[in-house]
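Below: one structure, written as structure tokens.
The values are calculated or read from the model by the stated rules, or taken from the named source; none is laboratory data. Values in this document were obtained by computation on a predicted structure and should not be read as measured data. As a convention, Cβ positions derive from the backbone with ideal geometry for all residues, glycine included, and neighbour counts pool all protein chains shown. Areas reflect the complete protein model, heavy atoms only, side chains present, ligands, DNA and RNA absent. Shrake-Rupley method; radii C 1.70, N 1.55, O 1.52, S 1.80 Å.
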Amino acid sequence: MDEKARKAALRLVPYGLYAVTCGQGDQANGFTASWLTQCSFDPPLLVLGVQPHTTSYQLIKEGGCFVVNFVDPEQAALLQMLLKPVARVGNKLAGQEIVTGQTGVPILQQAVAWLECRVVAESQPGDHALFVAEVVEAGRPSDRRPLVLSDTPWTYAG
């Protein structure tokens with residue numbers, strides 16, 4: 001296989017960028033995700049790719065819930081901060097305005113929209129774990145456009 005062509009072609013797949021929050025109370029965390037897709041209308045299901053060696057993976061695995069927070073292009077700095085490991089920056093949600101969802105997971109007040117999810121299945125076919133989760137609550141407090149990967153200089157595919 002032509003590795004250069006493979007990477008170039010995979011980078012053409014359009015991706016959103018999401019601030020995913022997980023955990024509860026002092027054990028809450030957030031991370032930037034791009035591998036998210038809807039996979040069912042009834043029930044409403046999403047698939048989220050998460051690196052299995054991370055704090056957030058453990059919190060989702062233990063708590064069984066997460067929130068997908070959509071942010072606008074002016075909030076790219078938030079996503080850049082959420083890319084950093086907990087070991088390096090500590091509490092990544094410190095200073096963020098949050099409310100607690102029905103599952104106990106934090107929701108970012110500045111989100112354009114959010115989806116609160118409860119995990120129904122997990123699989124690890126490759127280097128990321130896939131959580132299949134049912135949307136149990138949602139909000140759309142703003143009509144602002146959400147940030148997508150092509151709005152940034154970042155790449156995460158290939």
| remark: Computed over segment 1-116, protein heavy atoms only, probe 1.4 angstrom, the accessible area per residue in square angstrom equals 53 Å²
| remark: Non-local residues with an amide H under 5 Å from the amide H of Glu137, with H modelled 1.01 Å from N and Pro and chain starts lacking one, are Glu116
| What's log10 of I(q)/I(0) for segment 1-75 at q = 0.16, 0.27 Å⁻¹, Debye sum over Cα points only, no solvent? | -0.72, -1.24
| said: Give the residue list of GluC sites (Glu not before Pro) in segment 50-158 that are DSSP loop and have at most 15 other beta-carbon atoms within 10 angstrom. | reply: Glu97
| note | Measure of exposure for Tyr57: accessible area at 1.4 Å probe, Å² rounded to 10, is 20 Å²
| task | Report Rg(Cα)/(2.2 N^0.38 Å) for the chain, keeping two decimals. | result | 1.01
| Cα gyration tensor shape of segment 102-154, rounded if a/c is under 1.5, else prolate or oblate by comparing a/b with b/c | oblate
| remark: Taking R0 as 25 Å and r as the Cβ-Cβ distance between Ala8 and Thr37, the FRET efficiency 1/(1 + (r/R0)^6), rounded to the nearest 0.05, comes to 0.70
| task | Using a 10 angstrom cutoff on alpha carbons, build the Gaussian network for the chain and name the most mobile of Ile60, Ile98, Ile107. | result | Ile98
| Portion, in percent, of the accessible area of the chain that falls on carbon or sulfur, probe 1.4 Å | 53 percent
